[in-house]
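Visitor: Before I ask anything, here is the structure I am working with.
Read the figures in this text as sums done on the coordinates, not as results from a lab. The model shown is predicted, which means the values in this text are computed figures rather than measured ones. Glycine gets a Cβ as well: all are built from the backbone with ideal geometry, and neighbour counts include every protein chain shown.
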Amino acid sequence: MEQNLSQYKIFYEVAKAGNISKAAKELYISQPAISKAISKLEDSLNVILFTRSSRGVHLTPEGELLFGHAQAAFQALEAGEQELKRIREFHIGHLRIGVSNTLCKYILLPYLKNFIEQYPHIKITIESQATAKTISMLEQHALDVGLVAEPSIHSGLSFIPVMDIQDTFVSTRHYLNNLYLREGKDADLFHCGNIMLLDQNNMTRHHVDEYMKEHAIEPKQILEVTTMDLLIEFAKIGLGVACVIKELVQKELDSGRLFEVSLACPIPKRTIGFAFQGGSQSNALKTFLEFLY
C-alpha cells in the first residue's frame, strides 16, 4: 500500500458523510486539506473517486469499490480497539503457568483460588510437569510464569520468593523400632533401612543427592517414587524412610503419626517462588505479578 493511511481515512469519512464540510468537522481538519488529500489519493490511484456537485460529493463506481474495502478495514480496526478495551476493562487474558504436581497441590492452589476470585475473566492454563521442563519452557517463552525452587533458576529469569521449604527424612516410629530391633540400636539407618526418594528426573532429588554426596551418605536400598504424595503415603503405612518436604507433613509430625529422623546436619532449605521472563509481559502476567505483590 503506497498511500498514507490518513488519506484513506479522509476518503472513508468523506464517502460516509457525502459532504466535504461535514467530513472536515468530523476529522477536525480544514476543507482545503481534505480536498488536497482526496486529490493526492486520486492521482496516486489514477482514478476519480468522487463526482462533485453543489449538494456535495458522490462516489464513482471506482470510489464505491474502494469504499467497500476501506469500510471493511476501518470496521475491523474499530472492532480490534473495542476488543482491546474489553480486555482491559474486564482483565481478560491468558496466563500460562508451569508447576510440579507437588507445588501445584500444596502451594499454587491457594494463590489461584484468591486470584480467580479477583480476576474471573482471565483464562488460566497449567502445565503440570517437572521443574526442569518448566524452566525450559520459560526460557523459550512458552510459559508466562513458573512456580519453582530458586536454585533451579537460570540467568535471565526474575524470581519472586514465596516461602522456604525444608527437605527431611520421616518414618513411622513403628518402622524405626522394628528396624533397630532387627539390626541393633546402633544400626546405620541409611545402610539398613528402605530409603524412599523421588525419581532422578526430579529437581528435589538432585538437591537431596547433592546433600547426601556432600555428607558421604550412601543408601543401600532405595525405593524411587514419582510423586511426593506417594512418598508421604508410603511413609505413613510404614514402608520405609521417606525424604519429603517437612511443611507438607507438619500435621502428621505434630500428631505423632510420622517421626522426623534426626540428621547430624539438616538438609539446606530451599526457597520456592514464581519465576518469569523480564522485559515485555502480557497484561495477564502483569496482573498476576501485581496480585503477588
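Visitor: Gain in length, GLU64 to SER158, computed as 0.36 nm per residue apart minus the alpha-carbon separation, to one decimal in nm? Present the calculation step by step, with values, prior to reporting the outcome.
Guide: Working: separation 94, 0.36 × 94 = 33.84 nm, distance 5.44 nm.
Stretched out fully, the GLU64 to SER158 stretch lengthens by 28.4 nm.
Visitor: Let me ask something additional. If R₀ is 45 angstrom, what is the calculated FRET efficiency for the pair TYR180 and TYR111, using the beta carbon separation as r and rounding to 0.05?
Guide: Working: r = 42 Å, r/R0 = 0.94.
That gives a FRET efficiency of 0.60.
Visitor: By how many degrees, between 0 and 90 and to the nearest 10, does the Cα long axis of helix 173-183 differ from the longest principal axis of the chain?
Guide: Between the helix axis and the principal axis of the chain, the angle is about 50 degrees.
Visitor: If packing is taken as the average count of other Cβ atoms within 10 Å, what order do 202-209, 19-26 fall into, highest mean first?
Guide: On the way: 202-209: 18.6, 19-26: 16.2.
My ranking of the peptides, most packed first, is 202-209, 19-26.
Visitor: Rank these for me by crowding, TYR8, TYR28, going from fewest to most other beta carbons within 10 Å. Provide the component values of the computation, followed by the final result.
Guide: Details: TYR8 19, TYR28 6.
Sorted ascending by nearby Cβ count, the order is TYR28, TYR8.
Visitor: For the chain, set up a Gaussian network in which alpha carbons nearer than 10 Å are linked by springs, and say which option among VAL99, VAL14, VAL261 fluctuates the most.
Guide: VAL14
Visitor: Across the range 119-131, in residue order, what do the Karplus-derived ³J(HN,Hα) couplings come to in whole Hz, using 6.51 cos²θ - 1.76 cosθ + 1.60 with θ = phi - 60° and x for Gly and Pro?
Guide: 10, x, 8, 7, 6, 10, 10, 10, 9, 8, 6, 5, 4
Visitor: Pull up the cross-link candidates among the lysines for LYS105, meaning alpha carbon to alpha carbon under 27 Å and not fewer than 8 places away within one chain.
Guide: Correct list for LYS105: LYS113, LYS123, LYS133, LYS236, LYS246, LYS251, LYS269, LYS286.
Visitor: Non-local amide H neighbours of ILE126 (under 5 Å, H modeled in plane, Pro and chain starts lacking H): which ones?
Guide: ILE97
Visitor: Rounding to the nearest 10 and keeping the result within 0 to 90°, find how far the Cα-based axis of helix 61-90 lies from the longest principal axis of the chain.
Guide: The angle comes out near 30 degrees.
Visitor: Under the rule a/c < 1.5 gives rounded, and otherwise a/b versus b/c splits prolate from oblate, where does the range 222-282 land using the Cα gyration tensor?
Guide: Details: a/c = 2.42, a/b = 2.05, b/c = 1.18.
Prolate is the answer for the range 222-282, as a/c is 1.5 or above and a/b outweighs b/c.
Visitor: Related question: Gain in length, GLU150 to LYS36, computed as 0.36 nm per residue apart minus the alpha-carbon separation, to one decimal in nm? Before the final figure, lay out the partial values.
Guide: Numbers: separation 114, 0.36 × 114 = 41.04 nm, distance 6.30 nm.
Additional length available on full extension: 34.7 nm.
Visitor: For ARG55, ARG257, ARG270, what ranking results if the residue with the fewest other Cβ atoms within 10 Å of its Cβ goes first?
Guide: On the way: ARG55 8, ARG257 14, ARG270 20.
The order, fewest Cβ neighbours first, is ARG55, ARG257, ARG270.
Visitor: Using alpha-carbon pairs under 8 Å, 6+ residues apart, how would you state the relative contact order of the range 167-268 in percent? Let's see the in-between values first.
Guide: Details: 141 pairs, mean separation 45.7, N = 102.
Over the range 167-268, the number comes to 45 percent.
Visitor: Right, next: List the residues whose amide H sits under 5 Å from the amide H of VAL57, counting only those 5 or more places along or on another chain, with H placed 1.01 Å from N in the peptide plane.
Guide: Residues meeting the amide H criterion: ASN19, ILE20.
Visitor: To continue, here is another question. Return the label of the correct value of Kirkwood radius over Cα pairs in Å, as calculated from the structure shown, out of (1) 24.6; (2) 19.3; (3) 20.9.
Guide: Derived directly from the coordinates: (1).
Visitor: Mind checking which of ASP186, ASP199, ASP167 has the largest fluctuation in a GNM of the chain, springs on alpha carbons under 10 Å?
Guide: Maximum fluctuation in the GNM of the chain, among the listed residues, is at ASP186.
Visitor: Taking only Cα atoms and a 10 Å spring cutoff, compute GNM fluctuations for the chain and point out the largest among LYS16, LYS213, LYS185.
Guide: Most flexible of the set in this elastic network: LYS16.
Visitor: Which residues' amide hydrogens lie under 5 Å from the amide hydrogen of ALA187, considering only partners 5 or more residues apart or on another chain, with H built in the peptide plane?
Guide: Amide H neighbours of ALA187: none.
Visitor: Sticking with this structure for a sec: Run the simple label-point estimate for GLU290 and LEU253 please: 7 Å along Cα→C-beta, distance reported in nm.
Guide: Rounded to a tenth, the inter-label distance reads 3.8 nm.
Visitor: Calculate one ³J(HN,Hα) per residue across the range 6-13 by plugging θ = phi - 60° into the Karplus curve 6.51 cos²θ - 1.76 cosθ + 1.60, and present them in order as whole Hz with x for glycine and proline.
Guide: 5, 5, 5, 5, 5, 4, 4, 5
Visitor: From the phi of every residue in the range 105-115, what ³J(HN,Hα) in whole Hz does the Karplus formula 6.51 cos²θ - 1.76 cosθ + 1.60 yield, where θ is phi - 60° and glycine or proline is x?
Guide: Whole-Hz 3J(HN,Hα) from phi for the range 105-115: 5, 9, 10, 5, 3, x, 5, 4, 4, 5, 5.
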